[in-house]
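Enquirer: The structure's right below; bear with me while I get my questions together.
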Amino acid sequence: MTEKAWGGRFQGEAIEWVDDFNASIHFDKILIDMDIASSVAHAKMLASNHIITDSEKDQIIDGLNAVLDDYNQGHLEFSTQHEDIHMNIERALISKIGDTGGKLHTARSRNDQVATDMHLYVKGRVHEMIERIESLQKTILNLAKENIHVIMPGYTHLQRAQPVLFSHHIMAYFWMLKRDKERFWDSLKRIDISPLGAGAISGTTFNIDREQTREILEFADIYQNSMDAVSDRDYIVETLSNISLVMVHLSRLSEEIIFWMSEEADFITLSDQFTTGSSMMPQKKNPDMAELIRGKSARTAGSLMSMLMLLKGLPLTYNKDMQEDKEGLFDAVTTVNGSLQIMNGMLGTMVINEKILKKTVQEDFSNATELADYLVQKGVSFRKAHEVVGKVVLKSINEGKYLKDLSLEEFKQEHERIETDVFDILDPKIVVDRRKSSGGTGTEAVLKQLDAAEKSL
């Protein structure tokens with residue numbers, strides 16, 4: 001038997017560094033559990049269809065389990081000469097049980113083997129990501145419930161716009177994550193499909209039963225076209241896309257946290273667990289974990305773009321280029337899971353600086369829209385009301401005042417329909433709670449939102 005699985009056709013040996021360049025074992029060893037599981041299923045199917053004997057099946061399965069035990073105990077040595085996880089396991093199996101181990105590869109190719117492993121891997125990781133997203137959603141929901149009374153500035157263009165409940169603001173991320181979770185759930189329809197038995201390209205002449213391996217591996221369906229089965233990487237692109245969008249959402253939230261923690265805002269205090277200091281400036285407390293999440297969103301987006309470019313010029317079916325489908329995915333999965341966990345910890349230990357927020361919304365012009373709406377209710381057109389309030393704001397700025405500091409006479413100088421009841425609507429709490437429309441920031445509306453969110457979980 002030649003050293004390489006495909007060595008019979010070749011007379012020369014590859015140079016060692018060429019073997020290293022060709023090999024994927026240094027990163028695809030992560031698939032060992034999936035590869036053993038799919039091999040066990042394949043062996044059972046071969047025996048059921050009398051392609052190998054029951055005795056050979058038992059030998060193979062016992063050998064595979066022994067190989068996995070060796071790996072778990074740190075006794076399994078991988079070689080780049082055997083290229084990938086599939087051939088390394090096969091060589092280890094043959095060394096344990098002899099030539100019978102070579103029968104395992106009957107009626108399959110590494111093409112359908114790696115595709116099966118990757119489907120199993122992505123399916124498992126998607127379930128894991130869904131769990132982490134839901135855990136973060138619960139933390140956000142609890143944070144919103146605990147701070148239902150806290151009012152903060154709402155921003156557009158990073159300029160103060162209108163006062164909002166902190167709960168309303170933070171819950172926007174709950175709903176983003178809900179959509180992320182739904183996208184992952186939906187993607188399982190395209191992930192949970194078995195390519196096993198498709199062979200290298202065209203199926204096999206052996207009397208195999210693909211439905212049997214599908215059932216053993218708990219896939220929902222099988223590929224109906226062998227060429228599609230071994231060349232499809234859509235589910236990886238989709239998973240990377242979903243991961244990238246989660247990371248964009250986490251990046252946006254990180255940016256909020258970074259701003260909120262700045263001395264200029266001082267809206268929150270982050271736990272020492274999720275911050276770092278400066279090697280030079282002893283006073284510093286930096287939101288490094290939030291900054292890292294923001295930065296890592298570029299990394300996952302890069303993996304998505306890399307995968308799209310990898311596939312765009314590939315003819316059917318398998319091409320060695322597809323070996324490059326793994327590292328970016330593995331890294332993206334690790335990155336998003338870590339980011340979700342870190343964000344969960346940051347939010348779960350974050351302290352809201354209520355006194356600062358209360359002072360902030362009392363010393364700005366975020367209640368200006370309320371004054372415009374007040375004039376509209378007095379019969380003034382909104383466009384005219386907008387102009388009047390703009391002039392009132394400009395006058396206040398020039399005089400170093402806020403709207404609440406103006407006298408009735410000063411208001412009336414700008415419009416005669418302003419009466420004493422104007423002071424009833426300028427308080428931030430009243431401004432917020434008057435927004436009772438569905439999905440609005442009023443306490444009544446937000447409480448309904450929290451109830452809907454809890455039911456969605």
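The values are calculated or read from the model by the stated rules, or taken from the named source; none is laboratory data. Just so it is clear, the structure is predicted and the values come from calculations on it, not from any experiment. FYI the Cβ positions are ideal-geometry reconstructions off the backbone, even for glycines, and counts take in every protein chain you see.
Enquirer: Any chance region 371-390 includes a residue that's surrounded by 13 or more Cβ atoms within 10 Å (Cβ to Cβ), of a type in the set (A, V, I, L, M, F, W, C) and closer than 30 Å to Thr269 by Cα? Show your work before the answer.
Expert: So the first thing to find is which residues in region 371-390 are surrounded by 13 or more Cβ atoms within 10 Å (Cβ to Cβ), and the list is 371-376, 378, 380, 384-390.
Of the ones still in play, those that are also of a type in the set (A, V, I, L, M, F, W, C) are 371-372, 375-376, 380, 385, 388-389.
Next cut, closer than 30 Å to Thr269 by Cα only: none.
The answer is no, given that none of the residues of region 371-390 is surrounded by 13 or more Cβ atoms within 10 Å (Cβ to Cβ), of a type in the set (A, V, I, L, M, F, W, C) and closer than 30 Å to Thr269 by Cα.
Enquirer: Among the residues of region 392-402 satisfying the criterion of being part of a loop (DSSP other than H, G, I, E, B) and free of Cβ contacts under 8 Å to residues at least 12 places away in the same chain, which is nearest to Gly442 (Cα to Cα)?
Expert: To start, the set of residues in region 392-402 that are part of a loop (DSSP other than H, G, I, E, B) comprises 400-402.
Pick out the ones that are also free of Cβ contacts under 8 Å to residues at least 12 places away in the same chain and you get 400-401.
Numbers: Gly400: 29, Lys401: 27 Å.
Result: Lys401.
Enquirer: Here's something else I'd like to know. Considering region 198-217 alone, what residues qualify as being assigned to a loop (DSSP other than H, G, I, E, B) and either farther than 30 Å from Ser48 by Cβ or among the hydroxyl-bearing types (Ser, Thr, Tyr) (or both)?
Expert: Within region 198-217, the first condition is being assigned to a loop (DSSP other than H, G, I, E, B), and the residues that meet it are 198-209, 217.
Listed by number, the residues that qualify are Ser202, Thr204, Thr205.
Enquirer: Of the numbered conditions (1) surrounded by 19 or more Cβ atoms within 10 Å (Cβ to Cβ); (2) out of contact with any Phe, Trp or Tyr (no Cβ under 8 Å at 6 or more places or on another chain); (3) not aliphatic (A, V, I, L, M), Asn65 satisfies every one except a single condition; which is it?
Expert: Of (1) surrounded by 19 or more Cβ atoms within 10 Å (Cβ to Cβ); (2) out of contact with any Phe, Trp or Tyr (no Cβ under 8 Å at 6 or more places or on another chain); (3) not aliphatic (A, V, I, L, M), only one is false for Asn65: (1).
Enquirer: Considering only region 183-226, how many residues are among the hydroxyl-bearing types (Ser, Thr, Tyr) and more than 27 Å from Pro315 (Cβ to Cβ)? I'd like the intermediate steps shown before the answer.
Expert: Within region 183-226, the subset among the hydroxyl-bearing types (Ser, Thr, Tyr) is 187, 194, 202, 204-205, 213, 223, 226.
Narrowing the set further to residues that are more than 27 Å from Pro315 (Cβ to Cβ) leaves 213.
Of the residues in that region, 1 qualify.
Enquirer: Can you find a residue in region 127-136 that is surrounded by 20 or more Cβ atoms within 10 Å (Cβ to Cβ) and under 30 Å from Ile356 (Cα atoms)?
Expert: The answer is yes, given that some residue of region 127-136 is surrounded by 20 or more Cβ atoms within 10 Å (Cβ to Cβ) and under 30 Å from Ile356 (Cα atoms).
Enquirer: Within the set of pairs 6 or more residues apart or between chains, which connect a residue that is at pLDDT 95 or above inside region 115-144 to a residue that is among the charged types (D, E, K, R) with Cβ atoms less than 6 Å apart?
Expert: Every condition considered, the pairs that remain are Asp117/Asp35; Lys123/Asp192; Ile130/Lys181; Ile133/Asp180; Ile133/Lys181.
Enquirer: I'd like the full set of residues that are in a loop (DSSP other than H, G, I, E, B) and surrounded by 13 or more Cβ atoms within 10 Å (Cβ to Cβ), limited to region 272-286.
Expert: First, pick out the residues of region 272-286 that are in a loop (DSSP other than H, G, I, E, B): 275, 277-285.
Across region 272-286, the qualifying residues are Thr275, Gly277, Lys285.
Enquirer: If the Cβ limit is 7 Å and pairs must be 6+ apart or interchain, which residue in region 145-161 that is over 15 Å from Ala445 (Cα atoms) pairs with which residue that is charged (D, E, K, R) and part of a loop (DSSP other than H, G, I, E, B)?
Expert: Filtered contacts from region 145-161: Pro153/Asp364; Arg160/Asp364.
Enquirer: Could I ask something else about it? Mind checking which helices (runs of 4 or more DSSP H) fall wholly inside region 403-457 and carry at least 1 residues that are among the small types (Gly, Ala, Ser)? Lay out the reasoning, then the answer.
Expert: Details: elements: 408-414, 428-433, 443-456.
Counting at least 1 such residues, we get 443-456.
Enquirer: While we're on this one: Select from region 162-197 the residues that are in a loop (DSSP other than H, G, I, E, B) and in contact with a Phe, Trp or Tyr (Cβ under 6 Å, 6 or more places away or on another chain) and write down the one among them that is farthest from Glu128 (Cα to Cα).
Expert: Quick first cut of region 162-197, residues in a loop (DSSP other than H, G, I, E, B) only: 192, 195-197.
Now restrict to residues that are in contact with a Phe, Trp or Tyr (Cβ under 6 Å, 6 or more places away or on another chain): 192, 195.
Working: Asp192: 15, Pro195: 22 Å.
My answer is Pro195.
Enquirer: Then there is this: Out of Asp228, Asp266, which single residue is surrounded by fewer than 21 Cβ atoms within 10 Å (Cβ to Cβ), outside any helix (DSSP H, G or I) and more than 24 Å from the chain's Cα centre (by Cα)?
Expert: On the way: Asp228 fails: outside any helix (DSSP H, G or I).
Checking each option against the conditions leaves just Asp266.
Enquirer: Can you find a residue in region 290-305 that is surrounded by fewer than 21 Cβ atoms within 10 Å (Cβ to Cβ), more than 18 Å from Phe259 (Cα to Cα), among the aliphatic types (A, V, I, L, M) and without any contact (Cβ under 8 Å) to a residue 40 or more places away in the chain?
Expert: yes
Enquirer: For region 166-209, enumerate the residues that are more than 19 Å from Asp232 (Cα to Cα) and of a type in the set (Ser, Thr, Tyr).
Expert: Result: Ser167, Tyr173, Thr205.
Enquirer: Could you list all residues from region 42-91 that are assigned to a loop (DSSP other than H, G, I, E, B) and not hydrophobic (A, V, I, L, M, F, W, C)?
Expert: Residues of region 42-91 assigned to a loop (DSSP other than H, G, I, E, B): 49-53, 73-79, 83-84.
Asn49, His50, Thr53, Gln73, Gly74, His75, Glu77, Ser79, Glu83, Asp84, listed by residue number.
Enquirer: Oh, and also: What about Asp180, is it buried (at least 22 other Cβ atoms within 10 Å of the Cβ) and among the charged types (D, E, K, R)?
Expert: Details: buried (at least 22 other Cβ atoms within 10 Å of the Cβ): yes; among the charged types (D, E, K, R): yes.
Yes, satisfied.
Enquirer: Go over the candidates Lys145, Lys103, Lys181, Lys189 one by one and state the one that is closer than 23 Å to Leu217 by Cα and touching a helix residue (DSSP H, G or I) at 6+ places or on another chain (Cβ under 9 Å).
Expert: Numbers: Lys145 fails: closer than 23 Å to Leu217 by Cα; Lys181 fails: closer than 23 Å to Leu217 by Cα; Lys189 fails: touching a helix residue (DSSP H, G or I) at 6+ places or on another chain (Cβ under 9 Å).
Result of the check over Lys145, Lys103, Lys181, Lys189: Lys103.
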